[in-house]
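S.K.: Take a look at this one; I'll ask things after.
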Amino acid sequence: MMDEKAHIVLKDVRKAFGPKNVLNGINLAVPKGRSLVVIGGSGTGKSVMIKTILGILPPDSGSITIGGEEVTRLRGKERDELLLRFGMLFQGSALFDSLPVWQNVAFGLIQGRNTPRKEARDVAIEKLRQVGLGPEVGELYPAELSGGMQKRVGLARAIAADPEIIFFDEPTTGLDPIMADVINNLIVDCVKRLGATTISITHDMVSARKIADRIAMIHKGEIVWQGPARAVDTSGNPYVDQFIHGRAEGPIQMEILKA
Amino acid sequence: MNFLANLGRVVLALLTEIGGIVIFLKDALLQGLTPTIYLRQILEQMLRIGYNSLPVVGLTAFFTGGALALQIYLGGSRFNAESLVSTIVALGITRELGPVLAGLMVAGRVGASIAAELGTMRVTEQIDALTTLATNPFKYLVGPRLIAGVITLPILVGIADTIGIMGGYIVGTRSLGFNSYAYIKNTADFLELDDVTSGLIKAAVFGFIITLMGCYHGFHSKGGAQGVGRATTNAVVSSAILILAANFALTSLLFSK
Ligand SMILES: Nc1ncnc2c1ncn2[C@@H]1O[C@H](COP(=O)(O)OP(=O)(O)OP(=O)(O)O)[C@@H](O)[C@H]1O
Ligand SMILES: [Mg+2]
């Protein structure tokens, strides 16, 4: 329906690690300037899916287009240019532990875009402020921060260059509910004010309801449901119902129950 | 049957490893050593590889020079050739022991630390994060280390040569009774530029081997702390073996000229 304006489109994307099939034909479209939230159980392939879009993990087959351009076969300079349009928050933050926090946040500006260090530093301090961290934190090293603070630095790094596409892998995991809400607002702001297209992965339904325009549910490497965020409660889909109500009984069987 | 299967498995694993290294080498050369060059990273790595290795390399060279002087004196006295001590110490250190021992010591120190650092960056997704920040990890991480290794090792070996010869000099004059002036004159008269440069060429090659192996094993480590530990060990062992093999090849090559 919104296909003509679709910004990110995945068609039948497959990925296996050895004998293990992780993505079994993902079909997904994110309209430009919209926020998609991907929900799904642990180990269902959510992180792998966004890594295939970024090209960190090349898909085995299928097509991924960004703004109509096929990106699965981009290499070298072309890929770097494409990646300049992206921001990514890793699930484990993935901060560079040899650099102080402000240089982590400013990294994409200094190395990727040749921004002067002084200017990049000012941007970094401002982005840190937006995620609730003071300028003094900028001088610390990642190892000196708590897990939640690292997550927020990772978030500041992801949005530092005001990218047009941002991926958030579990942005609120490990944050207290108040800070989680601050981060939710920040993500909403990125979409509304900067017009960014975002994909967020979360297990947190409060967060999902707040930031999502659309929600997709992934199970065993396939999208089992997708629709507008407000339809999530009336989807009639047994997977979605089980997930949003957090019930152990249902079509999604945890490994532990099978044993 | 079982033996053959095992042998086949080992050979296959070895070939896979060599293939992996060759592909890595290709990327390192084509991507890592072409612009953009990260000057800041190169300087930082030179400091880490060179400056921090000085004490280890210096001590090794000093004691080896001293021991060499003693051994040559002992061996030489059987042919009344004790006067050769200064010359052979200088030759042995500059052509052979300086570069090989410095190479092995640096392999242990620097090769291991590169593998551990890059290995940790790999398993904590920092290398993936670099990619998403539009920075090629080969240019940002591998290239500067290779360049720093190739520049720094010859400098280190030059210093090791000097200290090693000095070790021989001290033992020679203090405990073997050589005249200080004669010892220095003998060293200076018989040592040729070729002796020194051949050692420095070896050093540059060893610097490349050490940093390449450190980067390769770091980049390919997986599976958390244990994987990083394995990468570290493999980096040290493989660079030590390659250094000794390359040393033989280079000696034959430089010798035949
Ligand atoms: N580099 C890899 N090599 C091998 N297997 C992998 C790799 N990365 C992920 N996997 C496997 O792919 C599956 C999906 O992993 P993924 O990280 O996408 O899960 P997820 O949906 O993000 O889970 P979570 O919510 O716990 O983060 C897992 O079973 C994992 O073991
Ligand atoms: Mg994940």
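S.K.: For every other residue with a beta carbon closer than 13 angstrom to the beta carbon of residue A:22, add +1 if it is Lys or Arg and -1 if Asp or Glu, then tell me the sum.
M.R.: +4
S.K.: Any chance you could give the angle, 0 to 90 degrees and rounded to 10, that helix A:117-130 forms with the longest Cα principal axis of chain A?
M.R.: Roughly 50 degrees between the two axes.
S.K.: Ok, one more. Taking the stretch B:1-124, how much of its Cα-Cα pair set, in percent, is spaced more than 20 angstrom apart?
M.R.: Working: 5152 of 7626 pairs.
For the stretch B:1-124, the fraction of Cα-Cα distances above 20 Å is 68 percent.
S.K.: I would also like to ask the following. Cα convex hull of the protein assembly as shown: how many Å³ per residue?
M.R.: Cα-based convex hull of the protein assembly as shown, divided per residue, equals 203 Å³.
S.K.: Helix B:54-77 sits at what angle to the longest principal axis of chain B, using alpha carbons and giving 0 to 90 degrees rounded to 10?
M.R.: 40 degrees
S.K.: Averaged over peptide B:134-141, how many Cβ atoms belonging to another chain are found within 10 Å of each residue's Cβ? Write down the numbers at each step before the final one.
M.R.: Numbers: counts 15, 7, 5, 0, 0, 2, 2, 0.
Neighbouring Cβ atoms belonging to other protein chains average 4 per residue here.
S.K.: Among A:114, A:24, A:185, which one shows the highest mean-square fluctuation when chain A is modelled as a Gaussian network with alpha-carbon springs under 10 Å?
M.R.: A:114
S.K.: A follow-up question, please. Hey, if you put +1 on the Cβ of every Lys and Arg and -1 on every Asp and Glu Cβ in chain A, which of A:35, A:9, A:142 ends up farthest toward the positive end of that dipole?
M.R.: A:9
S.K.: Going out from 0 in 10 Å bins, what whole percent of all Cα-Cα distances in the stretch B:39-254 drops into each bin?
M.R.: Binned Cα distances yield the sequence 9, 31, 29, 17, 9, 4, 1.
S.K.: If you don't mind, another one. For the stretch A:191-247 and the stretch A:73-136, what is the separation of their C-alpha centers, rounded to whole Å?
M.R.: About 28 Å separates the Cα centre of the stretch A:191-247 from the one of the stretch A:73-136.
S.K.: I would also like to ask the following. What is the mean number of Cβ atoms from other protein chains located within 10 Å of the Cβ atom of each residue in peptide A:50-57, rounded to a whole number?
M.R.: If you average over the peptide's residues, the count of other-chain Cβ atoms is 2.
S.K.: So if I place +1 on the C-beta of Lys and Arg and -1 on the C-beta of Asp and Glu, and nothing else carries charge, what would the dipole magnitude of the protein assembly as shown be about its Cα centre? I want it in debye, nearest 20.
M.R.: On the way: 48 positive and 43 negative charges, 72 e Å.
Charge dipole, the protein assembly as shown, about its Cα centre: 340 debye, nearest 20.
S.K.: As I understand it, the value is the acute angle between the Cα axis of helix B:193-219 and the longest principal axis of the Cα atoms of chain B; what does it come to in degrees, rounded to 10?
M.R.: 30 degrees
S.K.: Another one. From the C-alpha gyration tensor of the stretch B:134-206, pull out the three semi-axes of the equivalent ellipsoid (sqrt of 5λ each), sorted largest to smallest, in whole Å.
M.R.: Working from the Cα gyration tensor, I get semi-axes of 38, 12, 6 Å.
S.K.: In the Gaussian network model of chain A, springs joining C-alpha atoms below 10 Å, which of A:145, A:23, A:155 carries the largest mean-square fluctuation?
M.R.: A:145
S.K.: Please report how far the C-alpha centroid of the stretch B:1-69 lies from that of the stretch B:178-257, rounded to the nearest whole angstrom.
M.R.: Each part reduced to its Cα centre gives a spacing of 10 Å.
S.K.: Provide a whole-number value for the mean count of partner chain Cβ atoms within 10 Å of the Cβ atoms in peptide A:108-114.
M.R.: Whole-number average of other-chain Cβ neighbours for A:108-114 is 4.
S.K.: For the stretch A:57-146, what D do you get in µm² per second when you plug the Kirkwood radius from alpha-carbon pairs into Stokes-Einstein at 10 °C and 1.306 mPa s?
M.R.: Working: Rh = 15.1 Å.
Here the translational diffusion coefficient equals 105 µm²/s.
S.K.: Which one, A:35, A:98, A:47, has the greatest fluctuation when you compute a Gaussian network model over chain A with C-alpha springs under 10 angstrom?
M.R.: With Cα springs under 10 Å in chain A, the top fluctuation among A:35, A:98, A:47 is at A:98.
S.K.: Right, something else. Sorted by accessible area with a 1.4 angstrom probe, largest first, how do B:184, A:53 fall?
M.R.: B:184, A:53
S.K.: Counting C-alpha atoms alone, how compact is chain A: give Rg to one decimal and Dmax as a whole number, in angstrom.
M.R.: Over chain A's Cα set, Rg and Dmax evaluate to 18.3, 57 Å.
S.K.: Still on this model: Give, as a single signed number, the net charge of other residues whose beta carbon lies under 13 Å from the beta carbon of residue B:152, with Lys and Arg counted +1 and Asp and Glu -1. Can you show the working numbers first?
M.R.: Values: positive: B:48, B:109, B:145; negative: B:44.
Neighbour charge sum, excluding residue B:152 itself: +2.
S.K.: Separate question: Compare the peptides B:18-26, B:114-122 by average per-residue count of other Cβ atoms within 10 angstrom and give them in order, highest first.
M.R.: Peptide ranking by packing, descending: B:114-122, B:18-26.
S.K.: Which of the peptides A:12-21, B:243-252 is most tightly packed, and how do the rest follow, judged by the mean count of other Cβ atoms within 10 Å per residue?
M.R.: My ranking of the peptides, most packed first, is B:243-252, A:12-21.
The values are calculated or read from the model by the stated rules, or taken from the named source; none is laboratory data. Because the structure is predicted, anything quoted here is derived from the model rather than measured. Backbone-built Cβ (ideal geometry, glycine too); neighbour counts: all protein chains shown. Each accessible area value is taken on the protein alone, full model and side chains, heavy atoms only, with ligands, DNA and RNA left out. Shrake-Rupley method; radii C 1.70, N 1.55, O 1.52, S 1.80 Å.
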